[in-house]
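Beneath this line is the structure, given in structure tokens, with notes to follow.
Each value in this text was obtained by applying a stated rule to the coordinates, not by laboratory testing. Because the structure is a prediction, the values reported are computed rather than measured. Glycine gets a Cβ as well: all are built from the backbone with ideal geometry, and neighbour counts include every protein chain shown.
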């Protein structure tokens, strides 16, 4: 059978005709004489439409992608600033050096004992527990003068020890013997107090409570105050010296660990004759010391040992305010200055201090007198000892004649230089 075809040259509009083919039973579309599979055409159109849409979406997303990138970079920057601020605050609170030190310390504790580092032997240094005060020659002439004074007071048993800090010359008059300390025992207690202040174990403004256990009789006015009253540590130490308050002394002794702890410290300092055996006022004289012990202790304080320079200045300022001035100060000139502490239990009187002379010389000394109860001859002997030592230190060593610094005339001070014939430029 002959198949009909539409003429290509026909000006009429194209007609779409559908036929059913028996061999495959598929519906085909004939457009302008060309057969096309309808499903294939639809899929092709779908792909084309999707391509156009993707191109349109790409064109639309291109500016959005740049904005998103900038926002991402901005977020990262803000996050970095935040992390930096947090890290800086953390490092400010937690000191890395302290953390490292703690880590190293912990590692040393955890490390097994087998990993011990052998230390190389070092040269032995002078022990710090001795009063290594440099002394030079003994002043025999001054000792003879003291013997003559002693002969004037047959009922008094004196002892003394003095040292010239300018040259280390000293005199000892039975000065190494043990003797009841009376209130001069408060000098090493004051030194121990400032030693603990320097160590940070006691604060000057720390409040101490006066309870019944520390209230004692004798000198001072704290015993008459209300039980439970609070004082600063510095106020207690000051009262112990300037008015020789026994209650203040017992408060400090307890704060410093008790008499056993203090006695060990005294021995460490080299004070072999100094010991606290009883609470104050200790009229029996069981608390002991010696003129040499007290003088060498003050010499160490004066040169900067045991306590800091700031604590030394406070200690000397307190001792300069001692109200009892009937012993060593009576042998000094009015222009002299003394930082000292006295002691008196009736049968024993004593005084120890640092003396500054108007000439600039400084010396240290301590004098004790054992006597009948309240015998005024003992006080007179101490005054005579003080006066004799002062005058001896003032004149025993010739002083250099001071030189006058002459001011040169201005024309001689800078003489004009002669002009040179040669060119000296650049020299």
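Most exposed first by the Cβ proxy, i.e. fewest other Cβ within 10 Å, how do 302, 260 rank? Final ranking by Cβ density, sparse to dense: 260, 302.
Starting from the Kirkwood radius over alpha-carbon pairs of segment 141-206, derive D by Stokes-Einstein at 37 °C in a medium of 0.692 mPa s and give it in µm² s⁻¹. My calculation gives 218 µm²/s for D. Counted residue by residue at 0.36 nm each, then reduced by the alpha carbon distance between them, the extension gain from residue 176 to residue 143 reaches 10.4 nm. Stokes-Einstein, applied to the Kirkwood radius of segment 161-283 over Cα pairs at a viscosity of 0.692 mPa s and 37 °C, places its translational diffusion at 212 µm² s⁻¹. Let me know the shape class of segment 222-311, please: from the alpha-carbon gyration tensor, a ≥ b ≥ c as square roots of the eigenvalues, rounded when a/c is under 1.5, otherwise prolate if a/b is greater than b/c, or oblate. Oblate shape, in that a/c is at least 1.5 and b/c is the bigger or equal ratio.
Legend: ranking of residues 194, 368 from fewest to most surrounding C-beta atoms inside 10 Å; resulting order 194, 368. The share of C-alpha pairs in segment 140-395 whose separation exceeds 33 Å stands at 15 percent. According to the square roots a ≥ b ≥ c of the eigenvalues of the Cα gyration tensor, what is the shape class of segment 269-391, taking rounded for a/c under 1.5, prolate for a/b larger than b/c otherwise, and oblate for the remainder? In terms of gyration-tensor shape, oblate. In terms of its C-alpha gyration tensor, segment 316-362 has a prolate overall shape, because the principal axis ratio a/c (a ≥ b ≥ c, square roots of the eigenvalues) is not below 1.5 and a/b outweighs b/c. Comparing segment 263-307 with the 2.2 N^0.38 Å rule of thumb, its C-alpha radius of gyration ratio is 1.24 (two decimals).
Label separation (residue 310 vs residue 407): 4.2 nm, computed from points 7 Å beyond Cα along the C-beta direction.
In terms of other Cβ atoms within 10 Å, 379, 387 run from fewest to most in the order 387, 379.
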